[in-house]
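Asker: Here it is: the structure, laid out below.
Derivation of every value follows stated rules applied to the coordinates shown; laboratory data play no part. Predicted model, so just to flag it, every value in this text is computed and none were measured. Neighbour counts are summed over all protein chains in view; Cβ atoms, including those assigned to glycine, are modelled from backbone coordinates with ideal geometry.
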Ligand SMILES: *Cc1c(COP(=O)(O)O)cnc(C)c1O
């Protein structure tokens with residue numbers, strides 16, 4: 001068996017310890033004589049799995065008691081619709097456009113009400129986060145929406161926007177559990193887990209209780225109403241049980257390493273190795289404004305598309321996989337999520353140094 005360093009943006013690398021544990025429990029989960037894939041979601045064993053997963057997430061993020069944690073399906077993209085369906089009481093919302101995911105979310109919300117794009121960084125290919133200290137927040141906005149870490153462009157909000165008292169809604173798919181977070185500043189936080197937490201198929205929604213109501217837009221399906229899942233503790237119907245089980249193991253892994261403070265330290269240390277190299281390289285350059293750089297997704301280019309392609313190909317041959325940039329951006333992107341070891345980033349930088357010497 002040989003594992004590569006997998007720099008995929010998602011689905012992405014998972015901690016080896018977690019995969020080994022899951023493998024060991026595959027045929028017989030703790031004396032039940034079956035795999036977690038095969039057991040009833042109403043069984044005692046699964047009830048323990050989902051209860052522990054929620055509690056560990058609450059501990060890690062210090063989620064206040066007046067927030068619910070929901071384990072849902074449909075990916076982050078389904079939330080683009082579910083959020084307006086549930087929260088657009090005045091049929092108005094403000095969106096900050098910092099990349100493709102925020103753009104898509106805004107476009108979907110337009111099906112349900114008025115969308116104001118109150119800030120954008122599209123003028124410079126989303127290479128920075130716009131100044132959000134004094135936004136023209138709409139008086140009747142039901143919420144202000146951000147994509148906190150922009151997976152494709154490699155930018156991250158280092159300070160949250162001043163929403164002038166409006167509810168903040170954030171897509172944290174690609175920075176979930178990468179650093180400490182003050183949940184009380186948000187009305188709703190959500191993310192697909194396949195970037196930084198677990199296997200594809202689970203989306204986690206952390207939502208303040210007063211936002212969970214029966215007063216949703218007319219025609220909202222039962223399955224797309226937060227209250228349905230909040231009332232049933234994410235067991236209204238069959239949840240993505242195996243995915244939740246793996247997420248639970250990742251929560252325990254993060255706890256064992258010291259929680260989100262420790263994650264932040266690890267992630268800063270990893271990202272620094274790569275950014276420091278990019279800042280002095282004569283061949284490669286980062287594409288994002290320094291102050292807005294993501295710790296999770298690091299895009300870079302040589303400036304020559306053929307050379308970029310050669311780099312991606314040779315890196316793969318050297319065991320450094322999935323470094324091709326997003327199809328809308330080109331170049332390269334290294335996603336260095338929680339589970340990417342420090343050694344993986346060092347190996348990448350060593351390879352980049354060698355490639356630079358050979359190709360300059
Ligand atoms: C990947 C991603 C999405 C889309 O996730 P799906 O689960 O595929 O719908 C949305 N937002 C962000 C920030 C992402 O990185």
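Asker: Going by Cα centres, segment 25-64 and segment 117-166 are how many Å apart?
Answerer: With segment 25-64 and segment 117-166 each reduced to a Cα centre, they are spaced 36 Å.
Asker: Can you tell me how segment 181-263 classifies by the Cα gyration tensor, rounded, prolate or oblate, using a/c under 1.5 as the rounded cut? Before the final figure, lay out the partial values.
Answerer: Details: a/c = 2.63, a/b = 1.55, b/c = 1.70.
Here segment 181-263 falls in the oblate category.
Asker: Using 1/(1 + (r/R0)^6) with R0 = 25 angstrom and r between the beta carbons of residue 350 and residue 265, what's the FRET efficiency to the nearest 0.05? Walk me through the numbers before you get to the answer.
Answerer: Details: r = 22 Å, r/R0 = 0.90.
Calculated transfer efficiency: 0.65.
Asker: Now, a different point. By how many nm would the segment from residue 256 to residue 291 lengthen if fully extended, with 0.36 nm per residue of separation less the alpha-carbon distance? Don't skip to the answer; put the middle values down first.
Answerer: Working: separation 35, 0.36 × 35 = 12.60 nm, distance 3.08 nm.
Additional length available on full extension: 9.5 nm.
Asker: Can you give the calculated 222 nm mean residue ellipticity of the chain, where each DSSP H run of n ≥ 4 adds -39,500 (n - 2.57) and the sum is split over every residue, rounded to the nearest 500 deg cm²/dmol?
Answerer: -11000 deg cm²/dmol
Asker: Where a ≥ b ≥ c are the square roots of the eigenvalues of the C-alpha gyration tensor, would you call the chain rounded, which needs a/c under 1.5, or, failing that, prolate if a/b is larger than b/c, or oblate?
Answerer: Details: a/c = 2.06, a/b = 1.17, b/c = 1.76.
Taking the square roots of the gyration eigenvalues as a ≥ b ≥ c, the chain is oblate.
Asker: So for segment 1-102, averaging the separation of alpha carbon pairs under 8 Å that are six or more residues apart and normalising by length, what relative contact order in percent results?
Answerer: Details: 25 pairs, mean separation 7.7, N = 102.
Once normalised by length, the contact order is 8 percent.
Asker: Give the shape of segment 53-195 as rounded, prolate or oblate, defined through the alpha-carbon gyration tensor: a ≥ b ≥ c are the square roots of its eigenvalues, a/c under 1.5 means rounded, and otherwise the shape is prolate if a/b is larger than b/c and oblate if not. Present the calculation step by step, with values, prior to reporting the outcome.
Answerer: Details: a/c = 1.44, a/b = 1.25, b/c = 1.15.
Taking the square roots of the gyration eigenvalues as a ≥ b ≥ c, segment 53-195 is rounded.
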